[in-house]
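I have placed the structure first, in the form of structure tokens, so that the comments after it can refer back to it.
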Amino acid sequence: MRYNKEILSAVLRDMEREHTARAEQFAARRAEVYAHLPRVHEIDRALSNTAAAVLHAALASGNDPTAAVEQLKTRNLELQAERRRLLIQGGYAPDYLDETPLCPACGDAGYIGTQPCACLKARYAERLTQELSTSLPIHDQNFEHFRMDYYSSTPDARIGISARENMEYNLSVCRTYADNFSLHAPNLLLYGSTGLGKTFLSSCIAKVVSEKGFSVAYDTAIRIFSSYESVKFSSVDAADAARRIRKYEQCDLLIVDDLGTEMATAFTTSALYGLLADRLMHRRPMIINTNLLPAALETRYSPAIASRLIGEFKQLRFFGDDIRAQKCLHGL
């Protein structure tokens, strides 16, 4: 898994802030308890100081420290028991002053040695999903909310199967793709008329993939090519556009929506070719949604682009009645 440095740094900063806040909280607790129960303060000082003192004395005299260690253990257990009794008598929980980390595995450091801890991976995945939700309605458009009743069960005379049968296949492919996603997953080309669920299923995949900790970038073709134009011609938002382009090119999964709705120019064709070539060369998966049929890709773009989209992408065809129109008709 490739980690986005900006997101990872943000997660680590959050963890450091939480660690500092917890340390301050326990410092305030100690001050409170010590003010009300001075004997607890004495015990804490004793517990932190006696070990070094006893061992130093035993070693300095040349004696075997085993007896001193056993004596120390017994004394410390007695002090700990007294401490618990005092806290309970004072109205505190016995572990009120126990400054335990949120993650025992890494001690809230985020790493075990040089490897990211499970807690860091979980926080990273959560941050990825939060960021994705700003561009895709993943809380509503996910596999749990996918409805098959918008697709007719009547066989299409031209294709030989019904829109529902076709959609059941598409849904199965997309579920499997999301569940088995890896850095070298295949590419998907979702094509068909508007309002048939291409963006919805892309959102479903994006949610599952981001929750696994993979970075997902979603954007429309218009906005993607606009970003390349901003950088090329040094517009006022060139810096932001450059950051978006890095995300398009380096994320684990790129979803390009509405390919074919952008203005067809030599520049957009060149930008699309460059993006495709770069991600295919580095084997970074893509999902492309388009209203164009595969046969129209060469006419719209170029033979080189059409060859890549048809040869390097698994194709899923969408057909049926416009779901948006159905919802409008029924007041949904």
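Listed values, structure above:
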{"item": "Residue list for segment 191-234, filter: within 19 Å of residue 264 (Cβ to Cβ), without any contact (Cβ under 8 Å) to a residue 24 or more places away in the chain and of a type outside the set (S, T, N, Q)", "result": "223, 233"}
{"item": "Selection from segment 268-280 of residues that are surrounded by 14 or more Cβ atoms within 10 Å (Cβ to Cβ) and either touching a residue at least 60 places away in the same chain (Cβ under 8 Å) or not basic (Lys, Arg) (or both)", "result": "268, 269, 270, 271, 272, 273, 275, 276, 280"}
{"item": "Qualifying residues in segment 281-294 (those that are more than 15 Å from residue 259 (Cβ to Cβ) and either touching a strand residue (DSSP E or B) at 6+ places or on another chain (Cβ under 6 Å) or outside any loop (DSSP other than H, G, I, E, B) (or both)) - the one least open to solvent (accessible area, probe 1.4 Å)", "result": "285"}
{"item": "Pick from segment 134-166, criterion polar (S, T, N, Q) and loosely packed, with under 15 Cβ neighbours inside 10 Å, ranking: farthest from residue 195 (Cα to Cα)", "result": "134"}
{"item": "Residues located in segment 106-128, provided they are crowded, with 18+ Cβ neighbours inside 10 Å and in a loop (DSSP other than H, G, I, E, B)", "result": "106, 108, 110, 117"}
{"item": "Top-ranked residue in segment 89-105 [being modelled with pLDDT under 90 and of a type in the set (A, V, I, L, M, F, W, C); ranked as most open to solvent (accessible area, probe 1.4 Å)]", "result": "102"}
{"item": "Residues (hydrophobic (A, V, I, L, M, F, W, C) and either at pLDDT 95 or above or part of a loop (DSSP other than H, G, I, E, B) (or both)) located in segment 129-166", "result": "136, 138, 146, 148, 157, 159, 161"}
{"item": "Every residue from segment 128-176 that is polar (S, T, N, Q), over 20 Å from residue 216 (Cα atoms) and touching a residue at least 60 places away in the same chain (Cβ under 8 Å)", "result": "152, 166, 170"}
{"item": "When residues of segment 181-202 are limited to those that are closer than 13 Å to residue 314 by Cβ and part of a loop (DSSP other than H, G, I, E, B), the one nearest to the chain's Cα centre (by Cα)", "result": "185"}
{"item": "Hits in segment 23-50 - residues which are open to solvent by 70 Å² or more (accessible area, probe 1.4 Å) and either of a type in the set (Gly, Ala, Ser) or touching a strand residue (DSSP E or B) at 6+ places or on another chain (Cβ under 9 Å) (or both)", "result": "35, 48"}
{"item": "Sole exception among (1) closer than 26 Å to residue 24 by Cα; (2) free of Cβ contacts under 8 Å to residues at least 40 places away in the same chain; (3) part of a loop (DSSP other than H, G, I, E, B); (4) out of contact with any Gly (no Cβ under 9 Å at 6 or more places or on another chain) for residue 79, by number", "result": "(3)"}
{"item": "In segment 115-134, the residues that are out of contact with any Phe, Trp or Tyr (no Cβ under 9 Å at 6 or more places or on another chain) and more than 14 Å from residue 12 (Cβ to Cβ)", "result": "115, 118, 129, 130, 131, 133, 134"}
{"item": "Residues within segment 186-224 that are hydroxyl-bearing (Ser, Thr, Tyr), open to solvent by less than 40 Å² (accessible area, probe 1.4 Å), in contact with a Lys or Arg (Cβ under 9 Å, 6 or more places away or on another chain) and within 27 Å of residue 323 (Cβ to Cβ), tallied", "result": "1"}
{"item": "Segment 167-180, residues that are in a loop (DSSP other than H, G, I, E, B) and either surrounded by 20 or more Cβ atoms within 10 Å (Cβ to Cβ) or aromatic (Phe, Trp, Tyr) (or both)", "result": "none"}
{"item": "Restricting segment 218-256 to residues that are in contact with an Asp or Glu (Cβ under 9 Å, 6 or more places away or on another chain) and aliphatic (A, V, I, L, M), the residue that is farthest from residue 119 (Cα to Cα)", "result": "222"}
{"item": "Matching residues, segment 225-261, being in a loop (DSSP other than H, G, I, E, B) and open to solvent by less than 10 Å² (accessible area, probe 1.4 Å)", "result": "251, 252"}
{"item": "Residues located in segment 296-332, provided they are exposed (fewer than 15 other Cβ atoms within 10 Å of the Cβ), of a type in the set (A, V, I, L, M) and over 23 Å from residue 162 (Cβ atoms)", "result": "296, 304, 310"}
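The values are calculated or read from the model by the stated rules, or taken from the named source; none is laboratory data. Remember, predicted model here, so these are calculated numbers, not experimental data. Don't worry about glycine lacking a Cβ; one is built from the backbone with ideal geometry, like all the others, and counts go over all protein chains shown. SASA here: full protein model, heavy atoms, side chains in, ligands and nucleic acids out. Shrake-Rupley method; radii C 1.70, N 1.55, O 1.52, S 1.80 Å.
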